[in-house]
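Before any comments, here is the structure.
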Amino acid sequence: MATSSIRKAAVIGSGVMGSGIAAHLANAGIEVYLLDIVPPEPGEDDDVNDPEFRNRFATQNKEKLRKQKPSPIYTERDLDLITPGNMDDHLEWFSEVDWVVEAVPENMDIKQATFAKVEEHVNDHAIISSNTSGLSIDGMLEGRSDSFKERFLVTHFFNPVRYMKLLELVEGPDTSSDVVDTMVKFGRDTLGKGIVFGKDTTNFIANRIGVHGMMTIMHLMDDYDMTIEGVDAIFGKPMGRPKSAVFRTADMVGLDTFLHVAKNCYDTLTDDEERDIFVVPDFMVDLVNDGRTGQKAGAGFYRKTKSGIETLKLEDNSLDYRDRDKPKFDSTGNAKGAPADRIRAVVVDGEDKAAEFAREVTLRSLAYTARRVGEIADDVLNIDRGMRWGFNWDLGPFEVWDALGLEWTYEQMKNNDIDVPNWVGDMISGGVESFYRWENDTQYYYDVQSNEYQPIARSDRELSVDLLKRAEGDKKVFGNSSASLYDMGDGVALLEFHTKMNAVDPDLIEMMHKSIDEVESKDWEGLVIGNDSDNFSAGANLMLVMMNARAGNWDDIESMVANFQDANQRMRYSFKPVVAAPKGLTLGGGAEVALGANGIQAAGELYMGLVEVGVGLIPGGGGNLQLMRNVFGMHAGDEDFDALPFLQNIFMTIGLGEVAKSCEEAREFGFLSPTDRVTINDDFLLDAAKQRVLGMARSDFRPPRPAKFRLPGPDGVATIDMLLYSMEQNGQISAHDRLIGKKLANVICGGQTSPAVLIEEQALLDLEREAFMSLCGEEKSQERMQHMLMHNKPLRN
């Protein structure tokens, strides 16, 4: 009987996908063996019996994980969970693991030989899977036992594994339902993936539809006199796609990889009515043959040079490069608001050539996708999820169809002689108006097989502001233009920010105070601070700060800063537990909100930092104190404790504007404490934070005692300033950088206070506020604020 719990795994094949899968397993705390072949061609100096030589491929690819950008690991310590080996000497390792995942080259003979080796040594409960994207399950399992077949399925990850949410599961004819259930739970809960169920067809769901759409664009672009930049300007944000759009996406994926996927479609989909769409254009074949395979090669459709970004010239077939153009179209310029509104503005309302191009591509792509229902997946839901999670579309194909209007889109297809499957016409004649609909907090999709709406199954752990808004009964307690308080159920309140980028402003700060008043004065268990946005908070409202500074409205700035400090301190010392649920960008004031809570339930993808130095300031909402408290608060008042080494690290973290690139790196910087927790699947983040509040409330929660600090005072400031002086002399920092650094040092070292005197938290907050106000008055700091607002990058002055 197959295992129902995965605690140890083996990955076969240490290339890009194999090592990426191993890395993400390690991110999730799973011990993993990473195996590859023994190098077939030893050098003159190689000892063929030396384990270092025999494990070379797996060892080298493990080491590459350390330097890859973006990083596939949360922290370098995760690499300790990966043990490299080879497929000759370490076959016995298969007897120890709960899951074996194969990621060897897409060659049927290699896969069959690999699985034959695995079966000889694997235990009788391990699940076995392949990361193939094109080979048939029946072919891979030829010669395997019934027990092996029952424990086998396809687990198709998308690259980069850490960042791409999609995991396609494909069952074989003999796969046990228990095996599928285990992999769904493990993939979703432990690895944080979005699960879709595909069928054993070429390239499954996302690559089949995604590549078809991209190839359609490439084949039609000449008809509309479209350049590479023009295509990407249309099929990026205006059409609800990532900024990388089409050609930049191809560069990122790798033109050789894209060519392989497209060729695989053409070679194997002999009955596909649009098979010829998968014929790769000559210009892409020529690029690959020339080694210009995209980002990894330094050149593809785009090329980065010292003077800027260049674009491939398709106009004269020279395959040379030219300066990148920035085309503008009326239709895409009018594409504003939510994804559905943007797409409708281009496809339905647009009248220029960009709109005509987008309209034809969209109609053809949607019709093709509709014709694949039943072939690549049983329903529209899995196809839509595949495209949202695998290609980062804002809306899946059938959600796009709903945005355009079901009947309007159908009529447009018919008017343009595009083949639409009969079931779409039957839907419309039966009075169905959309593929999806909501009833309170339950969403339904139209099921083609039953010709009825079916509820979309949802885990009990999925909780969102959107669901609270849709729930029967009014879940909103109160709110203003910047934030709202909701009832999450079970006596837990949720404070949600909804300013642009969830930036901190006076109204938001007011809601922090009102929320803690509400929770403390009434029968609430506690408070969660979180939202549905991709980013928790990008920081304070910088425009407001700069405008007040330019106008000399110092009282307004100081009032906001003092209020923000007080709000964060109130959260920290409330008699009801407060848990922050940060994810994505959690910067500046956003980080201070999170650090002010009694506990943090963080998403795996957390980009957290106190970055105020980038705009000529230092943290002003308590961030300096909060980081000190996290890093050495429990020892802060000890007479024998030397705070200076820790303060120097804190100074560098804040002074360099360091941003953690993951939850675990945030812990290493001190932004997360050892007791703060992580939820890799951010669909479950708010529920995890809620459960954390309930656990704290029901286990006799008491607020922590304020810390008192024994700090080095003027001597510490002088020590740090010596470092700043040296950096200034070497041209590493400017005079204004040094001024900011010295003010930061003065705050974290306790100002002029003697080391013999314990400093209370409020005194440190006063020093912080004084420094913040002083820097707001500096012309060079104001220039930095203005430059960031205008150019979205820091100014060195």
Determine which residues of segment 264-279 fall in the zone a paramagnetic label at M108 would reach in this model, i.e. backbone nitrogen under 19 Å from the point 7 Å along Cα→Cβ. 264-272
Out of S726, V678, M628 - ranked by how far each Cα lies towards the positive end of the dipole of segment 466-781, with unit charges on the beta-carbon of charged residues - the top one is V678
Using only protein heavy atoms and a 1.4 Å probe, report how much of V659 is accessible, in Å² to the nearest 10. 30 Å²
Highest-first arrangement of 671-678, 44-51, where packing means the average Cβ count within 10 Å: 671-678, 44-51
Positive end of the dipole of the chain, charges at C-beta (+1 Lys, Arg; -1 Asp, Glu), about the Cα centre: which of W438, V465, A551 has its Cα farthest in that direction? A551
Evaluate the charge dipole of the chain about its Cα centre and quote only its size in Debye, nearest 20, assuming +1 on the Cβ of each Lys and Arg and -1 on the Cβ of each Asp and Glu. 2160 debye
What ³J(HN,Hα) values, in whole Hz, does the Karplus curve 6.51 cos²θ - 1.76 cosθ + 1.60 give for segment 101-113 when θ = phi - 60°, with x put for Gly and Pro? 10, 9, 9, 8, x, 6, 9, 4, 4, 5, 5, 4, 5
For segment 6-46, averaging the sequence separation of alpha carbon pairs under 8 Å that lie six or more residues apart and dividing by its residue count, the contact order in percent is 44 percent
Here FRET efficiency (C-beta to C-beta, D222 to T719, R₀ 51 Å, nearest 0.05) is 0.20
Phi-based couplings in Hz for segment 249-258 (Karplus 6.51, -1.76, 1.60; Gly and Pro marked x): 4, 4, 4, 5, 5, x, 5, 5, 5, 4
Output ordering of 202-214, 302-314 (per-residue mean of other Cβ within 10 Å, highest first) is 202-214, 302-314
Set the Förster distance to 60 Å, then compute FRET efficiency between E407 and I309 from the Cβ-Cβ distance, nearest 0.05. 0.90
Along the charge dipole of segment 320-426, Cβ charges K/R +1 and D/E -1, which of F398, G337, N382 sits furthest on the positive end? G337
Order the peptides 332-338, 614-620, 425-431 from the highest to the lowest mean number of other Cβ atoms within 10 Å of their residues. 614-620, 332-338, 425-431
Residues whose modelled amide H sits under 5 Å from the amide H of Y607, counting only those 5 or more places away in sequence or on another chain, are G584, L585, T586
Once amide hydrogens are built 1.01 Å from N within the peptide plane, the residues lying 5 or more places from A602 or on another chain with amide H under 5 Å from its amide H are R677, V678, T679
Residue order for H125, H24, H513 - accessible surface, 1.4 angstrom probe, largest first: H125, H513, H24
Hey, can you find the accessible area per residue of segment 250-313 for me, probe 1.4 Å, expressed in square angstrom? 52 Å²
Under 5 Å from the placed amide H of E31, counting only residues 5+ away or on other chains, we find A9
How large a share of the accessible area of the chain, in percent, is made up of carbon and sulfur atoms when the probe is 1.4 Å and the other protein chains stay in place? 46 percent
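Between D181 and V285, 0.36 nm times their residue separation minus their Cα-Cα distance comes to what?
Stretched fully, the D181-V285 segment lengthens by 33.3 nm.
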Mind putting a number on the dipole of segment 206-453 about its Cα centre? Charges go on the C-beta only, +1 for Lys and Arg and -1 for Asp and Glu, and I need it in Debye to the nearest 20. 1260 debye
Given 4 °C, 1.567 mPa s and a Kirkwood radius over Cα pairs, the Stokes-Einstein diffusion coefficient of segment 249-290 in µm²/s is 121 µm²/s
May I ask you to compute the full-extension gain from D426 to L656, defined as 0.36 nm times their residue separation minus their alpha-carbon distance, rounded to one decimal in nm? 76.6 nm
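Protein chains only, probe 1.4 Å: how do Y33, Y266 rank by accessible area, largest first? If you can, show how the numbers build up before the last one.
On the way: Y33 20, Y266 70 Å².
Per-residue accessible area, sorted high to low, gives Y266, Y33.
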What shape does segment 263-376 take by its C-alpha gyration tensor, where a ≥ b ≥ c are the square roots of the eigenvalues and a/c under 1.5 counts as rounded, a/b above b/c as prolate, and the rest as oblate? oblate
Please compare each pair in K469/K576; K576/K708; K296/K336; K69/K336; K263/K328 to a cut-off of 27 Å on the Cα-Cα distance and tell me which ones are over it. K296/K336; K69/K336; K263/K328
Inter-centroid distance (Cα atoms) of segment 732-797 relative to segment 404-420, Å: 60 Å
Entries in K8/K199; K193/K583; K67/K243; K185/K583 that, when Cα-Cα distance is taken, lie over 19 Å: K8/K199; K67/K243; K185/K583
What does the accessible area per residue of segment 535-643 come to in Å², with a 1.4 Å probe and no ligands, DNA or RNA counted? 30 Å²
Rg/Rh of segment 8-198 (Cα atoms, Kirkwood Rh), to two decimals, equals 0.95
Between D349 and E760, what is 0.36 nm times their sequence separation minus the Cα-Cα distance? Round to one decimal in nm. 141.8 nm
Helix 380-390 versus the longest principal axis of the chain: what is the Cα-based angle in degrees, 0 to 90, to the nearest 10? 60 degrees
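For M727 and E63, what is the calculated FRET efficiency with R₀ set at 22 Å and r taken between the beta-carbons, to the nearest 0.05?
Values: r = 32 Å, r/R0 = 1.44.
It comes to 0.10.
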Tell me the per residue accessible area of segment 8-198 using a 1.4 Å probe; a whole number in Å² is fine. 40 Å²
Can you send over the solvent-accessible area of D286, 1.4 Å probe, protein chains only, in Å² to the nearest 10? 80 Å²
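The values are calculated or read from the model by the stated rules, or taken from the named source; none is laboratory data. Because the structure is a prediction, the values reported are computed rather than measured. Positions of Cβ are generated from backbone atoms using ideal geometry, with glycine treated the same way; all protein chains shown enter the neighbour counts. With ligands, DNA and RNA removed, areas are computed over all heavy atoms of the protein, side chains included. Shrake-Rupley method; radii C 1.70, N 1.55, O 1.52, S 1.80 Å.
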